[in-house]
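The values are calculated or read from the model by the stated rules, or taken from the named source; none is laboratory data. Please read these numbers as outputs of a predicted model, since none were measured by experiment. For neighbour counting, all protein chains shown are included, and Cβ atoms are generated from backbone atoms with ideal geometry for every residue, glycine included. Calculation scope for accessible area: heavy atoms of the full protein, side chains included, ligands and nucleic acids excluded. Shrake-Rupley method; radii C 1.70, N 1.55, O 1.52, S 1.80 Å.
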Amino acid sequence: MLQRFLLLFVFSFSVFTISAQLQSPDAFLGYKVGTRYTPHWKIVSYFNQIAAAAPQTVKLQSYGQTNEGRTLLVTFISSSDNISNLENIRKNNLRLAGLSPDKMAANEVAPAIVWLSYNVHGNETSSSEAAMMTLWALVDPNNNTTREWLKNTVVVIDPCINPDGRDRYVNWFNSIAGKNMNPNRIAREHREPWPGGRVNHYNFDLNRDWAWQTQVESQQRIKLYDQWLPQVHVDYHEQGINSPYYFAPAAQPYHEVITPWQREFQQTIGKNNARYFDANGWLYFTKEVFDLYYPSYGDTYPIYNGSIGMTNEQGGGPQGGLGVLNDEGDTLTLLDRATHHFTTSLSTIEASSLNAPRLLKEFRKFFSDGVQNGVGEYKTYVIRNEAANSERIASLLTLLDKNQIQYGTGSGTGKGYNYGTGKEEAFNVGSSDIIVSSFQPRSALVKVLFEPKSKLVDSATYDISAWSLPYVYGLNAWASRDRINPSGAVTRTAPVNTDATYGYVMPWKGVQSVKVAGQLLQKGVLLRYSEEPFEVNGNKFERGAIVVLRTANKSFGNDLWSLVKKTADANGVQLYPVTTGFVDKGFDFGSGKIHPFRAPRVAMLTGEGVSSGAAGEIWHFFDQQLEYPLTLINANDASRINWSDLDVLIMPDGNYRFLSDKSALETFKAWISKGGHVVALESAVGQLSRAEFGIKSKKEDTDKKDSNSYDALKTFADRERDAITGTTPGAIFRISLDNTHPLAYGYPDYYYTLKMDDNIYEFMKDGGWNVGVLKKDNILAGFVGTGLQPKLKDGLLFGVQDLDGGTVTYLSDDIMFRSFWENGKLMLCNAVFLVGR
C-alpha cells in the first residue's frame with residue numbers, strides 16, 4: 001500500500017513539475033495565438049522552451065541556417081519510450097526502405113513517423129502559428145488523447161521551412177498595421193510590397209525545389225528528411241481569401257507511380273479531416289486544383305519517396321492580414337486560419353496512429369517492390385558520358401547523389417528510346433557511360449525523373465508537364481526496357497593541371513568553366529576566346545575555348561600561370577598548356593578570330609514590375625554559383641542609370657515602364673549603339689519588340705478562319721478545359737541552334753527548351769542572328785494544347801541583334817527555370833561574357 005502511495009505521489013509530483021515548466025503558446029508569447037503575428041525568433045524560442053521543459057518526450061534538432069542566418073529546426077515529439085529510442089527507430093525505418101548501410105533485419109512493429117512541414121511560403125503565415133498550437137497539444141500533460149497517439153507515432157514538426165520569407169512578411173506587416181486590424185481589402189495591410197514574403201532570400205519558391213535542391217534551405221532539409229523518410233508528410237499552405245479549406249484526396253492528374261495504398265490513405269486522411277470540419281460547420285473541398293504530378297512539391301516528392309504526401313490549403317495568404325472581409329461578407333481572421341491548420345494537424349496524427357501497422361507494412365512494400373521489380377516500363381537509363389559534356393554529367397551526378405539515387409558504369413549493347421531522336425534504336429554502352437537501374441529503393445523517383453514522357457491522364461495540370469533529366473541537362477541518353485546492371489562505380493578524378501610556359505587553353509564546357517573565367521577576369525586577367533575550332537599540341541578545341549596568354553597580362557609577371565592554375569584547380573576544371581601560338585589547324589592565336597575580352601560590368605533590373613522569381617534565378621546564379629558581381633537596379637530607377645558605368649544589362653521577365661518613356665527609350669538605345677549589351681528574357685523580349693527593336697512577334701494567320709465555324713460553339717461546363725487548348729503549362733521542344741554564333745558556344749546544333757507560353761518570333765533580317773529556331777514537329781515531351789501546337793513552329797526563340805556597336809540578345813524562354821534547368825545556364829553566360837565581344 002505504501003509503495004503504491006509513493007508511486008502515485010511521485011507520478012503526481014512529476015506531472016505537477018512538468019505542468020509548472022511547460023507553457024502554452026498563449027502563456028509564453030503573452031498573447032493569444034492568432035491575434036498577432038509571431039516573428040520567427042519567438043517561434044524558435046517557444047520550441048526551445050518546450051524541448052527544455054519536456055526532454056523525455058521532445059527532442060529539438062537544428063538542421064541549418066537560412067541565407068540570412070535564421071535557424072532551421074525540427075522537433076520530434078513522441079512517448080518517452082520512443083524518444084529514448086529515437087535513433088534506433090530512425091535506423092530501423094531506413095532498413096524498412098532498404099536504405100540502411102547496415103545489414104540488420106528490419107522490424108515492422110515500430111512507430112509510424114508523421115512529418116508536418118509548416119510555412120514553406122513565408123507570407124502564408126497561419127501555419128507557423130498552428131505549429132505552436134500543435135506542439136502544445138502534443139505535450140500538454142492534460143491531453144490524454146494525444147498521449148495515446150504518441151505511443152505508436154513519432155511526430156516531426158518543422159515549424160517554418162522559410163524563415164526569411166516569413167520574417168519579410170511579418171516584419172512588414174507589424175511595421176505598418178495599426179492598433180486594430182482593418183479588414184477592408186483596400187487597406188495597405190492587405191497590399192504586400194515586392195517581392196513579397198512567399199519566396200526565400202533569393203526569391204525562390206521553396207515548394208518547387210524539393211527534388212532539385214538548388215536552395216540552401218532545401219539542401220539542408222532534404223538531407224535530414226532522407227535520414228528519416230516518414231510514412232506521412234503534410235505540407236501546409238494558404239490560398240485566396242475566398243477559398244474554403246482544401247485537403248486530400250488530391251485532384252487528377254496523379255502520376256502513375258502513385259500506389260493504390262497511397263491513393264487509399266489520402267481518402268482515409270481526407271475523411272478524418274472532414275469529420276472534424278463537418279462538426280464545426282467549416283467549408284472545405286477535395287479532389288480539385290491541387291494535383292500529384294510535378295515531382296518537386298512538398299506532397300509529390302515525399303510520395304515518390306514512399307510517403308503519403310499531402311498538401312493542406314487554408315484561405316488567407318498575404319491578403320489575409322490579421323483579418324479580412326471575403327466576398328461573402330465574413331471576416332476571415334488569422335485565428336480562424338491557424339485553427340483550421342491545427343485541426344488537420346491533429347487529425348492527420350490521429351489517423352496515422354490508428355493505421356500505424358498498415359503504414360509501416362505498405363512503406364516497406366513500396367521500396368521492396370522497386371528493388372525486386374523496378375518501377376515502370378523502362379528498367380534502365382543510360383547516359384552517354386562524353387568529354388564535351390563532362391560538366392553537365394558532373395552536375396547530374398550531384399543531383400542524383402542529393403536524392404540518393406544509385407548509379408554506376410558498365411558496358412555492352414542495348415536497345416531503347418533515344419531521347420534525342422524519339423525513336424527506338426540499338427546503342428552501345430561505353431565503359432564510362434552512366435547506368436541508372438530502376439531496380440533500386442528509389443525506383444519510383446528514378447522513373448519520375450528519367451522517363452522520356454510522363455503519362456498525363458488530365459491535361460489540366462497545376463505545373464509544368466515535362467522535366468526529364470536528360471533534357472534538363474542536355475545529355476545524350478536512352479531509356480531501355482531491358483535490365484542492364486551497372487558493373488562498376490563511377491570514378492571521379494580531379495583534373496591534374498601542369499605548369500605552362502607559353503599559355504593555357506580552357507574548353508568552354510559549362511558553368512565551372514565560366515566560373516574560372518569570371519574569377520580570372522575579376523583579378524584583371526585578359527582572356528581571349530576563339531570563334532573557330534582549332535588544334536594545337538595534339539588537342540582539339542571547339543568554338544568558345546578560352547586562351548590565356550602572357551600578352552597583355554605582363555603585369556602579373558611569373559605569378560600569372562600559378563594564378564590561372566590555382567583558379568582552375570579550385571573549380572575542378574582541366575587546363576591544357578600550350579607551347580606555341582602556331583596552331584596545327586585553325587587560326588593562330590594572333591588572328592582576328594581570337595577575341596580578347598575583359599571583365600564586363602553587369603547589372604540586372606529588378607524590383608517592382610519584374611517577376612521576382614525570374615530575377616531571383618539570375619541573382620542566385622551570379623551570387624552563389626558564378627560568384628561574379630551583379631549590380632541589382634530597381635526597374636523604376638532605370639531613367640537614373642549612368643549608362644557609362646555598365647557594359648551589360650540583363651532584363652528578366654517583367655514589365656518595364658521606362659520603355660514607354662520616349663526620352664528614356666532613346667537614351668537606352670543610344671547606350672546600346674555605343675557598345676552596350678542587353679540580355680532580354682521572356683516577356684522582356686515582347687516589350688522590346690513592341691518598342692520597335694529588331695524583333696517581331698509572329699502572328700497567327702487568321703485569314704483562313706471561318707467566323708461562322710461551329711468551332712465557336714462552346715459548352716459552358718467545359719469552359720475551363722477549353723481554355724487550355726491554347727496553352728502549355730510547360731513542354732519540352734528541340735530547337736535548332738546555330739552553334740557557330742557565340743550565343744551557342746559550348747552546345748551541339750540543338751537545344752532542349754522548356755516552353756511555357758505561346759510566344760514565338762519572326763526570323764530576323766538585316767543585322768539579326770537567328771541562333772535558336774523552332775522548326776516543325778519538334779515537341780519531345782509534355783502537354784501542348786491542340787490550338788497552340790500549329791503556332792509553335794517555324795519561328796525564332798533565341799536571337800541576337802547587332803545595333804551599331806552594341807547588341808541585344810533575345811531569349812524568349814526561361815532558360816534558367818527554377819535554377820534546375822541546368823543546360824540553359826551556359827547560354828546566359830554566353831550572352832553576358834561572349835556575345836558582341
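May I ask you to give the percent of accessible area on the chain that is carbon plus sulfur, with a probe radius of 1.4 Å?
49 percent
Taking 0.36 nm per residue of separation and subtracting the Cα-Cα distance, what length does fully extending LEU563 through LYS455 add?
Here the segment from LEU563 to LYS455 would lengthen by 33.8 nm.
For LYS593, list the lysines whose Cα falls under 18 Å from its own Cα; do not include residues on the same chain fewer than 8 positions away.
Within the straight-line cut-off, LYS593 pairs with LYS540, LYS585.
Relative to the longest principal axis of the C-alpha atoms of the chain, give the angle of the C-alpha long axis of helix 511-522, reported between 0 and 90° and rounded to the nearest 10°.
70 degrees
Round to the nearest 10 and give me the degree value, 0 to 90, for the angle of helix 390-402's Cα axis relative to the longest principal axis of the chain.
0 degrees
Give the separation of the Cα centroids, segment 401-432 to segment 52-103, in Å.
So the separation of the two Cα centres works out to 38 Å.
Could you give the length gained by full extension between SER555 and SER431, i.e. 0.36 nm per residue of separation minus their alpha carbon distance, to one decimal place?
Difference between extended and current length: 40.1 nm.
Using only Cα positions of segment 521-572, each an equal point scatterer, no hydration layer, compute I(q)/I(0) via Debye at q = 0.23, 0.29, 0.31 Å⁻¹ and quote the log10 values to two decimals.
-1.01, -1.14, -1.16
Over the chain, what portion of Cα pair distances is larger than 54 Å, expressed as a whole percent?
16 percent
What pairs in LYS91/LYS361; LYS287/LYS455; LYS509/LYS793; LYS271/LYS361; LYS699/LYS776 have C-alpha atoms more than 24 Å from each other?
Exceeds cut-off: LYS509/LYS793.
Check each of the trypsin sites (Lys or Arg not before Pro) in segment 589-698 and keep only those in coil by DSSP with at most 16 other C-beta atoms within 10 angstrom; list them in order.
Numbers: sites: LYS593, ARG598, ARG601, ARG640, ARG657, LYS662, LYS669, LYS674, ARG690, LYS696, LYS698; in loops: LYS593, ARG598, ARG601, LYS674, LYS696, LYS698.
Here the sparse-neighbourhood loop sites are LYS593, ARG598, ARG601, LYS674, LYS696.
When only Cα pairs under 8 Å and 6 or more residues apart are kept, what is the percent relative contact order across the chain?
Over the chain, the number comes to 10 percent.
Which value, in Å³ per residue, describes the convex hull spanned by the Cα atoms of segment 457-591?
192 Å³
Taking the Cα centre of segment 291-369 as origin, sum charge times position over the Cβ atoms of Lys and Arg (+1) and Asp and Glu (-1), and report the length of that vector in debye to the nearest 20.
560 debye
Charges at C-beta only: +1 for Lys and Arg, -1 for Asp and Glu. How large is the resulting dipole of the chain about its Cα centre, in Debye rounded to 20?
Taking the Cα centre of the chain as origin, the dipole is about 1380 debye.
Over segment 197-276, what portion of Cα pair distances is larger than 18 Å, expressed as a whole percent?
Above the 18 Å cut-off, segment 197-276 has 59 percent of its Cα pairs.
At 1.4 Å probe size, with every protein chain present, just tell me what the per residue accessible area of segment 307-347 comes to in Å².
Values: 1060 Å² over 41 residues.
Result: 26 Å² per residue.
Taking the solvent-accessible surface of protein heavy atoms with a 1.4 Å probe, what is the per residue accessible area of segment 153-236 in Å²?
31 Å²
Using label points projected 7 Å from each Cα along Cα→Cβ, tell me how many nm separate THR727 and GLU264, to one decimal.
3.6 nm
Counting only DSSP beta bridges with both residues in the chain, what percent are antiparallel, rounded to the nearest 5? Kindly include the intermediate steps, with their values, before the conclusion.
Numbers: 75 of 113 bridges.
Taking every DSSP beta bridge with both residues in the chain, the antiparallel ones total about 65 percent.
Where a Cα-Cα gap under 13 Å defines reach, which aspartates and glutamates qualify for LYS714, not counting those fewer than 8 residues away within the same chain?
Within the straight-line limit of under 13 Å, LYS714 reaches these aspartates and glutamates: ASP722.
Could you give the length gained on full extension between ASP226 and GLN49, defined as 0.36 nm per residue of separation minus the Cα-Cα distance, in nm?
61.0 nm
For GLU238, list long-range residues whose amide hydrogen, built 1.01 Å from N in the peptide plane, is under 5 Å from its own amide hydrogen.
Placed amide hydrogens put GLN314 under 5 Å from GLU238.
Translational diffusion coefficient, Stokes-Einstein: compute it for segment 602-673 using the Kirkwood radius over C-alpha pairs as Rh, at 20 °C and 1.002 mPa s, and state it as an integer in µm² s⁻¹.
170 µm²/s
What whole-number value in Å² describes the accessible area per residue of segment 587-678 for a 1.4 Å probe?
Averaged over the residues of segment 587-678, the accessible area is 43 Å².
Can you figure out the FRET efficiency of GLN252 with THR786, using R₀ = 25 Å and their beta-carbon distance, to the nearest 0.05?
0.85
To the nearest 0.05, what FRET efficiency results for ALA570 and TYR750 with a Förster distance of 41 Å applied to their C-beta separation?
Details: r = 32 Å, r/R0 = 0.79.
So the FRET efficiency works out to roughly 0.80.
Put a dot 7 Å past each Cα toward the Cβ at LYS776 and GLU386; how far apart are the dots in nm?
With each label point 7 Å from Cα toward Cβ, the separation is 2.7 nm.
Looking only at segment 766-809, where both bridge partners belong to it, what percent of the DSSP beta bridges are antiparallel (to the nearest 5)?
Approximately 100 percent, going by the DSSP bridge assignments.
Please report the Cα spread of segment 327-387 along all three principal axes, rounded to whole Å, starting with the longest.
61, 40, 22
Based on a Kirkwood Rh over C-alpha pairs, give the Stokes-Einstein translational diffusion coefficient of segment 295-422 at 4 °C and viscosity 1.567 mPa s in µm²/s.
Reported coefficient: 66 µm²/s.
Cross-link candidates for LYS415: which aspartates and glutamates have Cα within less than 13 Å, leaving aside residues fewer than 8 places away along the same chain?
GLU424, GLU425, ASP482
For the charge dipole of the chain, defined by +1 on Lys and Arg C-beta atoms and -1 on Asp and Glu C-beta atoms about the Cα centroid, which residue among VAL324, SER117, PHE733 has the Cα displaced farthest towards the positive pole?
SER117
Would you work out which of PHE582, VAL514, SER562 lies farthest towards the positive end of the dipole of the chain, given +1 charges on the beta-carbon of Lys and Arg and -1 on that of Asp and Glu, about the Cα centre?
Positive-end residue among those listed: SER562.
Which distance in Å, rounded to a whole number, links the C-alpha centroids of segment 324-376 and segment 169-193?
What the calculation gives is 31 Å, centre to centre.
Over all alpha-carbon pairs in segment 154-294, figure out the percentage whose distance exceeds 20 Å.
63 percent
Identify, among MET816, GLY306, LEU94, the residue whose Cα sits farthest towards the positive end of the charge dipole of the chain, taking +1 on the Cβ of Lys and Arg and -1 on the Cβ of Asp and Glu, with the dipole about the Cα centre.
Farthest towards the positive pole: LEU94.
Could you give me D for segment 394-485, from Stokes-Einstein at 37 °C and 0.692 mPa s, where the hydrodynamic radius is the Kirkwood radius over C-alpha pairs? Units µm² s⁻¹, please.
Working: Rh = 14.2 Å.
Value of D from the Cα-based Kirkwood radius: 232 µm²/s.
Can you list the equivalent-ellipsoid semi-axes of segment 693-837, largest first and in whole Å, using the square root of 5 times each Cα gyration tensor eigenvalue? Could you put the intermediate results ahead of the total?
Details: eigenvalues 203, 66, 28 Å².
One finds semi-axes of 32, 18, 12 Å for segment 693-837.
What 222 nm value per residue comes from the helices of the chain, counting each DSSP H run with n ≥ 4 as -39,500 (n - 2.57) and dividing by all residues, nearest 500 deg cm²/dmol?
Computed ellipticity for the chain at 222 nm equals -9000 deg cm²/dmol.
Using a Förster distance of 51 Å, how high is the FRET efficiency between LYS765 and LYS365, based on the Cβ-Cβ distance and rounded to 0.05?
Taking R0 as 51 Å, the efficiency between LYS765 and LYS365 is 0.25.
Where the centroid of each part is defined by its Cα atoms, how far is segment 761-811 from segment 723-759 in Å?
Cα centroid to Cα centroid, the span is 8 Å.
From the C-alpha gyration tensor of segment 80-226, pull out the three semi-axes of the equivalent ellipsoid (sqrt of 5λ each), sorted largest to smallest, in whole Å.
Semi-axis lengths for segment 80-226 are 37, 22, 9 Å.
For the Cα atoms of the chain, what angle does the longest principal axis make with the long axis of helix 260-280, in degrees from 0 to 90, nearest 10?
With both axes taken from Cα atoms, the answer is about 60 degrees.
P(r) for segment 139-205: what percent of alpha-carbon pairs falls in each 10 Å bin, starting at zero?
Pairs per bin, as whole percents: 17, 29, 20, 24, 10.
In whole Å, what three semi-axes, largest first, describe the equivalent ellipsoid of segment 22-62 built from its Cα gyration tensor (square root of 5 times each eigenvalue)?
Semi-axis lengths for segment 22-62 are 20, 12, 6 Å.
Using the basic label-point model (7 angstrom from Cα toward the beta carbon), what is the ALA670 to LEU354 distance in nanometres?
It works out to 7.5 nm between the two label points.
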